[in-house]
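Have a look at the structure below before the remarks.
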Amino acid sequence: MSAIASPDLLERVRERLALTEGELTPATVASAIRTESGGVLGDTDLLAALRILQTELTGAGPLEPLLGVPGVADILVTAPDAVWIDRGAGLERTAISFPDEAAVRRLAQRLALSAGRRLDDAQPWVDGRLDGITHGDLGVRLHAVLAPVAQGGTCVSLRVLRPATEELDDLVARDAVTPEARALVEEIVRARIAFLVTGGTGAGKTTMLAAMLGRVDPAERIVCVEDAAELVPSHPHVVRLVARAPNVEGVGEVTVRDLVRQSLRMRPDRIVVGEVRGAEVVDLLAALNTGHDGGAGTVHANSPSEVPARLEALAALGGMDRRALHSQLAAAVQVVLHVRRDSSGRRGLVEVGVLERDSAGAVGIAPAWTRESGAGPAIRTLRELLDRRILR
């Protein structure tokens, strides 16, 4: 057995490189191999070792080829021999595998370090962004959980972040938005009605929001606040603010809530939150209630009827009780647009709802239009609202 075939040699090189500061260049890796092998490796063995370690120690390691698969949105590792991808039509198992659980753990920890995060037994999960991995234009988002918290072994999830740049015409062309719905959507934007785009994970919420923002009057200034930069609307005046997580020392955090407050001082015509997922809902509703018409955001909800309860839970994180939330919501937001991904992977707008308040003060969502049936019970309310706003 040659020296390079020894797992012990490779492990010693890994340990040496783990102590190396700065970027791991091919020269750095080659130097570590020579040192640990005592300088006795020939050129062929040295190159073979270099290929093995570079694959493992640079980019996304063994997962790197999957990032280049056309249309890939998610890469999921659930075990050394269970690596999956999602290209929009459900999970597909790949032929990629890792030698063992230790190899998955090493990759997860290296990627966490690249994202400026800590991942070890004391902090067994991580959520961060891999800006150095350029697939998807906006980088790759990392989530990982170490064993034994993940009982079956270390789990790694990579999401390829792609800019939401499609315009409304594109969505109509691929039947994600019907011509009837398109006319309604354009009127909602023109009337400066505040709206939320709702839907499940991967349903196309950000895509729909970006398309709608592309129809905003070019003379208006849009300030977009996001946790991860994805909104790239086709509009000449967009200011994009992106939150920042704390570094490995636990300092430097900039939250979405911080940025929503800052956006109020930036002379916005429209304030947009890419995804409302926490206490920032309190600040967004406050902003929409202080003269900033036409604001928008996305919210994770499986149906329009679930939106009020979802917002109640988020508002509670910001210290707002149920009664106050419904009062603020009724005054701030007028319309909900719900998108869905069906079993075939097709994503599109399936419902437009109007927020209505009952005699007890609770907000509900009444359908004004659905893809299945067309005009709904609240279409007259929506039409009156649109006409009043457009003529104002």
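Any idea which of Arg192, Arg182 is without any contact (Cβ under 8 Å) to a residue 24 or more places away in the chain, of a type in the set (Lys, Arg), closer than 22 Å to Leu382 by Cα and not in a strand (DSSP E or B)?
On the way: Arg192 fails: without any contact (Cβ under 8 Å) to a residue 24 or more places away in the chain.
The conditions single out Arg182.
Being in the same structural domain as Ile193 (by the TED database) and surrounded by 21 or more Cβ atoms within 10 Å (Cβ to Cβ) is a property that does not hold for His300.
Conditions tested, residue by residue: (1) in contact (Cβ under 8 Å) with a residue 12 or more places away in the chain; (2) touching a Leu at 6+ places or on another chain (Cβ under 7 Å).
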position: Arg323; (1), (2): yes, no
position: Val339; (1), (2): yes, yes
position: Ser344; (1), (2): yes, no
position: Val352; (1), (2): yes, yes
position: Ser373; (1), (2): no, no
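Screening Leu158 with (1) surrounded by fewer than 21 Cβ atoms within 10 Å (Cβ to Cβ); (2) touching a residue at least 24 places away in the same chain (Cβ under 8 Å) gives one miss only, at (1).
Could you say whether any residue in the stretch 209-229 is surrounded by 23 or more Cβ atoms within 10 Å (Cβ to Cβ), assigned by the TED database to the domain that holds Gly294 and of a type in the set (D, E, K, R)? No, the stretch 209-229 contains no residue that is surrounded by 23 or more Cβ atoms within 10 Å (Cβ to Cβ), assigned by the TED database to the domain that holds Gly294 and of a type in the set (D, E, K, R).
Of all residues in the stretch 335-352, those satisfying the criterion of being modelled with pLDDT of 95 or more and not aliphatic (A, V, I, L, M) are His338, Glu351. Each residue in the stretch 166-179 was checked for being touching a strand residue (DSSP E or B) at 6+ places or on another chain (Cβ under 9 Å) and in a loop (DSSP other than H, G, I, E, B), and 5 of them qualify.
On the basis of being surrounded by fewer than 18 Cβ atoms within 10 Å (Cβ to Cβ), touching a residue at least 12 places away in the same chain (Cβ under 8 Å), part of a helix (DSSP H, G or I) and not charged (D, E, K, R), does Ala112 make the cut? First the steps, then the outcome.
On the way: surrounded by fewer than 18 Cβ atoms within 10 Å (Cβ to Cβ): no; touching a residue at least 12 places away in the same chain (Cβ under 8 Å): yes; part of a helix (DSSP H, G or I): yes; not charged (D, E, K, R): yes.
Judged against the criteria, Ala112 is not a match.
Among the residues examined, Glu167 qualifies as of a type in the set (D, E, K, R), touching a Gly at 6+ places or on another chain (Cβ under 6 Å) and at pLDDT 85 or above. Considering only residues in the stretch 230-268 that are hydroxyl-bearing (Ser, Thr, Tyr) and farther than 21 Å from Gly204 by Cα, the one that is surrounded by the fewest Cβ atoms within 10 Å (Cβ to Cβ) turns out to be Thr255. Residue count for the stretch 254-287, restricted to those that are under 16 Å from Ala324 (Cα atoms) and part of a helix (DSSP H, G or I): 8. Can Gly345 be described as more than 22 Å from Ala378 (Cα to Cα) and either assigned to a helix (DSSP H, G or I) or within 20 Å of the chain's Cα centre (by Cα) (or both)? Yes: the conditions hold for Gly345.
Restricting attention to the stretch 92-101, does a residue exist that is over 22 Å from the mean Cα position of the chain (by Cα), part of a helix (DSSP H, G or I) and free of Cβ contacts under 8 Å to residues at least 60 places away in the same chain? Before you say what the answer is, go through the steps one by one.
As a first pass, look at the stretch 92-101 and keep what is over 22 Å from the mean Cα position of the chain (by Cα): 93-101.
Restricting the remaining residues to those that are part of a helix (DSSP H, G or I) gives 101.
Checking which are free of Cβ contacts under 8 Å to residues at least 60 places away in the same chain leaves us with 101.
Looking for residues that are over 22 Å from the mean Cα position of the chain (by Cα), part of a helix (DSSP H, G or I) and free of Cβ contacts under 8 Å to residues at least 60 places away in the same chain, one finds at least one in the stretch 92-101, hence yes.
Scanning the stretch 102-128 for residues that are under 14 Å from Ala245 (Cβ atoms) and in contact with a Leu (Cβ under 6 Å, 6 or more places away or on another chain) returns Ala112, Ser114, Ala115, Val126, Gly128.
Could you check the stretch 288-297 and list, in sequence order, the residues that are surrounded by 21 or more Cβ atoms within 10 Å (Cβ to Cβ) and either in a helix (DSSP H, G or I) or out of contact with any strand residue (DSSP E or B) (no Cβ under 7 Å at 6 or more places or on another chain) (or both)?
Within the stretch 288-297, Leu288 is the sole residue that qualifies.
The values are calculated or read from the model by the stated rules, or taken from the named source; none is laboratory data. Treat the numbers as computed from the prediction; the structure is a model and nothing was measured. In this analysis, Cβ positions are derived from the backbone assuming ideal geometry, glycine residues included, and neighbour counts consider all displayed protein chains.
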